[in-house]
Every structure is written in C-alpha cells, then in structure tokens.
Amino acid sequence: MFLVVTTLAMLVLVVFVSAVHGYRSGMAEAERLFDSQLQEQAHLATGVASEQLATLDKVANIAFQHWRLAPGQPARLLAHTGNIPATALIALEPGFGHANFSGYRWRTYVHFAGRDDVVVVAAARTDIRYRLADNVIIEAITPVVLWLPLSGLLVWFVVGRGLRPLGQLAEQLHGKQFRELSAVALDRCPAELETVVDSVNRLLERLREAFEREKRFVADAAHELRTPIAVLRVQVHNFRERLPEHAAELRALEAAVERMQHLVEQILTLHRLSPEQLHGRFAALDLHALAQTVIAACYDAIEARRQHVELVADTGATERRALVAADRFALETLVRNLLDNAVKYTPEGGNIRVGVSCGPGEVVLDVEDDGPGIVPAARERVFERFHRVGGDAHASGVSGCGLGLAIVRNIAELHGARIELGDSRFASGARFTVVFRRLGAIGV
Amino acid sequence: MLLTTVVLVLREMLEAALIVSVLLAWSVLHVRSRRWIGAALAAGIAGAAVYAVNAATVSEWFDYVGMEVVNAAMQFAVCAVLLALAARPTARAATWPMLIAVALAVVREGFEILLYLSGFIADRGAWSTVALGSALGAGIGISAGALLFYLVVGLPRARALRLAQVLIALFAGNMAAQGVLLLIQADWIPGGVQVWNTGDVLAEDSVLGQLLYALVGYEATPSIWQVTAYVAMFCLLFGLFLRRSTPADGDGSGR
C-alpha cells in the first residue's frame, strides 16, 4: 500500500507539475510565435497599396493601418482595413504593444517601412491568439492526464508482482507450525531476496540446533538426576528412622526431595512429548475408558484426601464412543495431570467431577473441582511453564513444580485440541475443558 | 483559464489535503484508527455541496457579508475543535474532534472549488479546460497530502508525533489568520496596520507561495490582526500539546 500510494503520488506530482509548467512555457512560446507572425504580416503589408488595404477587411482577427509621418507635421492616416477605427490607437513607435478597440484587446506591432515615411500598424486579436494556443497545448497535455490512471494500474500491478515473493516469504514464516523450524523455499526467488531467504534459513537452522541442544541437555540432566535423587530419598528415609529427634526437619527435607523428583519426572515427560518423539504413535483411543483407567490409578491419592470423584459420560443419543486419535502415554498424562491438579487444589472431603461428552465432530473432556478456582486475570498464565498461581507462596500450601498444566497444554496442542479454563459447576472451583476432534468425524 | 483553474483548485485542495493527511497521521500514530476518515470526507463533501447550492442565500445574510462571516465561523470552529483535540482527556476521545475538523475543512475548501466550477455550468466550451485544470490541481494537491502523510508516519514515533503537533498548530494558526482576514473583509473588524509586504520577493500566486500558504499560511501582505491571531493560536495549541502529552506518553492503546 505504502509503495503503491507513494509511487503514484510522486508520479502524479511530477507529471502534473510538468504539465502545468509545459502549459506555461508552451503559451509563452506560442506568444513569441504569434508575435513573429504579426511582425511578418506588418512587413508584408508595407508592400500593399493603400487603396487595396481598405478591401482587406474580410479577415476579422487582423487589422492594418498605413500612416505617413512628415517632419514637423502630425501623422496622417493613409489607409486602413475596415475592422480598425480611423484614429491613432497607439503611439507610432516601432515595436510591440497592446490596444483596445472594436470591443476586443489587440496585440499591435508598429513597423517603419523606410520608404516615403510610411508606418504600418498591424494588430491581431489577443483572445483568438490565446484560444488557438490554448487549444493546441491542451490537446497535447490532455492525454498525459487521461493516461495517468493506466500508469497507476501498471504501477499497482508491477509493485504487487514485485512484492509477491516477499508476501510468500512472510506467509511461509507465519504459517510455520509449532516448533517447525525447517528451511523456507520460494517458487521464484529474485536476487534481491536471496540474501534475506538465506539469512532467514541460517537463522532457523541455528535456532533448531539451539532447541535441540537445550532439549537434549535438559532431558539428559533430568535422566542423570533420577538415580542420585532416588539415593537421596532412601538416605533421608534412613536418617528419619535413625534420628527421630530431627523428624520435623527431615520430613521437610524429604518433601523437598519428593518435589525435586516430581520435577525431574515432569521434565522427562515434557521431553517424551516432543513432536519428534510422538510422531507416528497415534492410535484410536476411547477417552471415556482412558479416563476410567486414570481415575482408578489415582484413586489412592483421592481416597487419602477423602474427596469424592465422579466420572460422567454423555455420549449422545446414538451411544457414540468417545474416540480420539491420540498417543496413549500423552493422553493418559493429560488426564492424570488435570486430575492431579484437581486433587491438589480441592480441599479434603471436596468434590471432583470428570466429564466426557460427544458433541458434533468433537469429544469434550471436563475436569471440575470445588477448590478456590482461578480468577479470570490469572487464567492465561496458568499454562506457562513454572508458573504457579500466587507464586511459590501458594495459599493452598500444595507442593508442585508448575509444569503440570504446561504439559497439558503441550499435549493438547500436539493433538490439535483446544483448551479452555472457566468456573466449575460447584459453588467455587475451576473447570478445565479440553476439546478434541472426534475420530470418524468429517475431515478427520 | 487552465492556469486560473489549476491555481484555485490546487490552493483549496492542497489546504484540505494537508490538514486531512496530518490529522490522519496523528490518528494513526495516536489512536491507531483511520476508519473515521471516510465518514469525515463524505460529510465534508456533502456539506460543501449543500453550502454551494445555498451560496446565494448565505451571501445575503448579515447585510450581504454572510459568506465571509460563515466562512470565518467555520475557520474558528476548526480552531476550536483542534484546541479540543490538543486538550483531549483521552486518546480515544480524539476521534470526534478529528472527524469534525476534517469535515469542516473539506466543507470550507470544497465549497470554494464547487462555487468556482459552478460558474462554468453554462459555458460548455470551457468544460474540457476546466476539467483538465481541476484534475491537475486536485492531483497535485492530493499527491502532496499523501506524501506528507507517509512522511509523518514514516518518522520515528516520537519525532512523528512532534512534527504532527507542529503542523496541526501551524494549520490552526493559518485558520485563525484566515478567519480574521474574512472578518476584515466583512468590515466586522478594522483592517489594522500592514505588518510586512513580501509580494516582490515571493508572490502569493507562485507555486512556492501556494505551497507555503497551504503549509504555514503564508501571506505577502498580512495585517497586524492576522499576525496576532496566527501567533496566538499557534502558541496556544502547541502549548496545550506540550502540556497534555510528551511524545513518549502518546501511546493511546493502554497496553
């Protein structure tokens, strides 16, 4: 837009100012041309006999007078054409001038013939001269103005075509999928863009390598940490047995070690859920059956907090199965993390509701609790890595590493599902909704 | 006739185009919206047409100086609206003052063009020349406006806002001075002393004179009242801009 408008504006400005300038200089040139013509006509009229001059009144736009100058006597009019009065209209001095008569303004030229003291006055109507010049010059500049819209169209077309590879590049970069860092390639890459495309591709390559290194390092570090943490846990446990007088401090130490172990496990889970790791492991899974399995696996923790959990299935009138295309490990992790989250934030004796329902072309998983809930302003950030509502000084006193919901979002994105956070149906509490595309629906 | 048409249409069109482009640039920089401009232009063109149709009636008002008085009132109204813009409570509330300022400026300048063109309705022989002259004048004026718009929005944000503020203050000063001149012509205020005469150095009807007239309100022979109105309006408006906002806080998005 900027290029088209500024190019067109500059084109119009230059062409139109040139046209106005051309008109001005054209008119000045025409004036000079008409003057030299009048001069020649005055010269020619010198040779016309005075008797013949009176008969030359057919030409309306040119008039002549013949005067005789005698020394010491007033100038005497010898003859004149019928369209000019028989009086002195201008001073009889050689050269150009202007006079008004017969209702018009005239350009005059006084010519001293040099024989018998005869002076010729030639006059031409300025309005006719002006109109003639005006018509000719306007005829010349009108096409310039009329054809300008075509130039505008051409500019628009050429600029648009010239910028198309740039648009294509922007589109490719914009359309890049999550963590997709493959090189961009254009159908037709002009020389001016080659450097840009090369630089972008080199940058993408460096970024991909950096991601790889980061991922490998984190996964390796987490993996290597597992054994020492396990040893640490055993040792702390042994110390607690041996040193009952330090039981309180050692319990805090044990909780911290547990938290560290949880964090390491979650980091490893995140690594296992990268697109490269998941690639090709998708299968048709019944979300309802999977939720049942996960609830059964977590039942001890729920029971320990005397919470009430219910699984509600709404598969519609046709009893459709809640089938989704997913990786089993990933989907189990998603449901477990949501359930763990609900268990953590629901007070003892509270309620947790897991719902699986089938909508048109989609399968919806709801996990609701009657904990404190999440205020709308904080909802967007809960899915960020290492983010915990209210920071580490969490009011619930629940331990956690802030990775569980980040993993949930990661899994949802990898399965093309969308995740929403709202208020639960209980008096208070949060509701996490994950909407999957149903397997067997159109386009899946 | 071609040159007369070009000069007249260019003079009015350039004045309107520069005001429109600076306010549009201000809007893009400040409110990040340019949707109001279509409504403002449409209202301005419709208003100019209505005014031109009723020109004869208006000119009979106030003892046959109606046109001068109404035009002066429009100039002062634009000044008032620009003052409201400078003293705006919030960036978002600036849309209405800008819409009204552009609409009034287009009514004022569009009216002059329509009035001139209406004189040729009966003279069929002159149509092509008048049309060509109008196209040339309008083309140059609109192009200058478009280039000014991109010049302002293309600058770094702080400098662009400052330049837009200076230009808006200059336009307001110009409007105030023109309003005073119209009231002098209507004999509502005395002519006053002529402050300078630069007609020989830079004629008002030269291309540069026209451009400077549209941009900074150049007058070859201004009266003391015009100069006073110009300087007072410029200082008042620019002072308000300086007091209300520094370019750095000009972000109207709230984020």
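Looking at (1) under 60 Å from the mean Cα position of the chain (by Cα); (2) open to solvent by 80 Å² or more (accessible area, probe 1.4 Å), find the lone condition where A:Y104 falls short. All conditions pass for A:Y104, except number (1). Screening A:G397, A:G422, A:G440, A:G416 for residues that are at pLDDT below 90 and out of contact with any strand residue (DSSP E or B) (no Cβ under 7 Å at 6 or more places or on another chain) leaves exactly one candidate, A:G397. Hey, any hits in segment A:19-35 for a residue that's farther than 24 Å from A:L132 by Cβ and more than 14 Å from chain B (Cβ to nearest Cβ)? No, because not a single residue in segment A:19-35 is farther than 24 Å from A:L132 by Cβ and more than 14 Å from chain B (Cβ to nearest Cβ). Of the residues that make up segment B:180-192, is at least one at pLDDT below 85 and surrounded by fewer than 14 Cβ atoms within 10 Å (Cβ to Cβ)? Scanning segment B:180-192, I find at least one residue that is at pLDDT below 85 and surrounded by fewer than 14 Cβ atoms within 10 Å (Cβ to Cβ), so the answer is yes. A count restricted to segment A:188-210 and to residues that are open to solvent by 90 Å² or more (accessible area, probe 1.4 Å) and within 24 Å of A:L270 (Cα to Cα) stands at 2. Filtered by the rule that a residue be within 19 Å of A:W106 (Cβ to Cβ) and either β-branched (V, I, T) or assigned to a helix (DSSP H, G or I) (or both), segment A:50-71 gives A:L53, A:V59, A:I62. Only one entry of B:A25, B:A48, B:A56 meets the criterion of being small (G, A, S) and free of Cβ contacts under 8 Å to residues at least 24 places away in the same chain, and that entry is B:A56. The residues listed here are A:L89, A:L77, A:L13; of these, the one that is over 30 Å from A:L154 (Cα atoms) and open to solvent by less than 50 Å² (accessible area, probe 1.4 Å) is A:L77. For segment B:107-150, taking the residues that are open to solvent by 40 Å² or more (accessible area, probe 1.4 Å), more than 10 Å from every other protein chain (Cβ to nearest Cβ) and small (G, A, S), the one that is nearest to B:S27 (Cα to Cα) is identified as B:S118.
The residue that is farthest from the other protein chains (Cβ to nearest Cβ), counting only those in segment A:38-49 that are part of a helix (DSSP H, G or I) and free of Cβ contacts under 8 Å to residues at least 24 places away in the same chain, is A:L44. If you check A:D366, A:D314, A:D370 for being within 19 Å of A:E420 (Cβ to Cβ) and surrounded by fewer than 17 Cβ atoms within 10 Å (Cβ to Cβ), only one passes: A:D314. As a summary of the residue check, A:K176 satisfies the conditions (1) outside any helix (DSSP H, G or I); (2) over 26 Å from A:R409 (Cα atoms) except for the one numbered (2). Restricting attention to segment B:14-35, the residues being crowded, with 24+ Cβ neighbours inside 10 Å and either assigned to a loop (DSSP other than H, G, I, E, B) or of a type in the set (D, E) (or both) number 1.
The values are calculated or read from the model by the stated rules, or taken from the named source; none is laboratory data. Owing to the predicted nature of the structure, the values given are computational and were not obtained by experimental measurement. All Cβ positions, even for glycine, are placed from backbone atoms using ideal geometry, and neighbour counts span all protein chains on display. Quick note on the areas: whole protein, heavy atoms, side chains included, nothing else; ligands and nucleic acids left out. Shrake-Rupley method; radii C 1.70, N 1.55, O 1.52, S 1.80 Å.
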